[in-house]
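Undergrad: Here it is, the structure, as structure tokens.
The values are calculated or read from the model by the stated rules, or taken from the named source; none is laboratory data. A quick note: this is a predicted structure, and the numbers were derived from the prediction, not measured. Every residue, glycine as well, gets a Cβ built from its backbone with ideal geometry; the counts of neighbours run over all protein chains shown. Ligands, DNA and RNA are stripped out before the accessible areas are found, and what is left, the full protein with its side chains, is counted by its heavy atoms. Shrake-Rupley method; radii C 1.70, N 1.55, O 1.52, S 1.80 Å.
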Amino acid sequence: MKRLIVGMLTITSMSTAFAAETPVTMEILVGQATQSVTGNGTRLKDADDTSVAIRFGYEFADSWSAEAAYYDYGKASSSFIDEYGDKITDIMTSSAFLLGIKKEFNLNEKLSLNARAGIAFWDFDIKETDSSDPSNPFKASDSGNDLYLGAGLAYSVKDNLLLSINYSFLSMGATLKDIDGDAFKSDNDINIVSLGIGYQF
């Protein structure tokens, strides 16, 4: 929660500082995030949920922008039946505050292609429930930072209004710890496809 507050204050101060004299873009993004979790090199589970984000960009040079964003990747769940016939249900929750750079390539006056890269400061939680003992779920969480990559297309509808389609990828290299302090390595690979609407000012 503290990271979210700090991130949103950073985004807000960034937009306020540059809005009056430099090109600033604010976008709202909605899409689907696929979370693929592995443990000790073995694929454990895949799950999808709605992803929402707010993103600000500051064009500091021609076709180059600095960006800050907050992503909520949703609460994805998956279930399977184990060898004992019990139902195992996993719920994965993740989010990230992103700082990065965007490079634009103009295809024509209204359409542009872009590439993004930067650092994601993420939080990841997982809760696993066994139907044989539902009152005693396994819970683990971690936070850290990793590289993210992205690409997209943006279309200028009017002078200040733009629409976009975006793809981004983030791999969270987590060390998950349960309530007993036991830890295991896990990767949560997140692929996000989203649609955006933005305003330039």
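Undergrad: Normalised by the number of residues in segment 69-201, what is the relative contact order in percent for Cα pairs under 8 Å and 6+ residues apart?
TA: 18
Undergrad: Here's something else I'd like to know. Quick one: with all protein chains in place, what share of the accessible area of segment 114-201 is carbon or sulfur, to the nearest percent (1.4 Å probe)?
TA: With neighbouring chains kept in place, the figure for segment 114-201 is 57 percent.
Undergrad: Solvent-accessible area per residue for segment 26-157 at a 1.4 Å probe radius, Å²? Spell out each step's value before the answer.
TA: Values: 6700 Å² over 132 residues.
It amounts to 51 Å² per residue over segment 26-157.
Undergrad: Please express the Cα-Cα pair-distance distribution P(r) of segment 99-160 as a list of whole percents, one per 10 Å bin, running from 0 to the bin with the greatest distance.
TA: Answer for segment 99-160: a P(r) of 17, 26, 20, 18, 13, 6, 0 percent.
Undergrad: Provide the per-residue ³J(HN,Hα) series for segment 113-118, in order, calculated from phi with Karplus coefficients 6.51, -1.76, 1.60 and θ = phi - 60°, each as a whole number of Hz, with x at glycine and proline positions.
TA: Calculated HN-Hα couplings, in order: 9, 9, 10, 10, 7, x Hz.
Undergrad: May I ask you to list the aspartates and glutamates whose Cα is less than 19 Å away from that of K158, ignoring any residue fewer than eight positions away on the same chain?
TA: Result set, ordered by chain and number: E27, E59, E104, E109.
Undergrad: Could you sort T50, T38 by accessible area so the largest value comes first, with the probe set to 1.4 Å?
TA: Details: T50 80, T38 25 Å².
Reading off the accessible areas and sorting them downward yields T50, T38.
Undergrad: Now for a different question. With +1 on each Lys and Arg Cβ and -1 on each Asp and Glu Cβ, how big is the dipole of segment 119-164 about its Cα centre, in debye rounded to the nearest 20?
TA: On the way: 3 positive and 8 negative charges, 61 e Å.
So the magnitude is around 300 debye.
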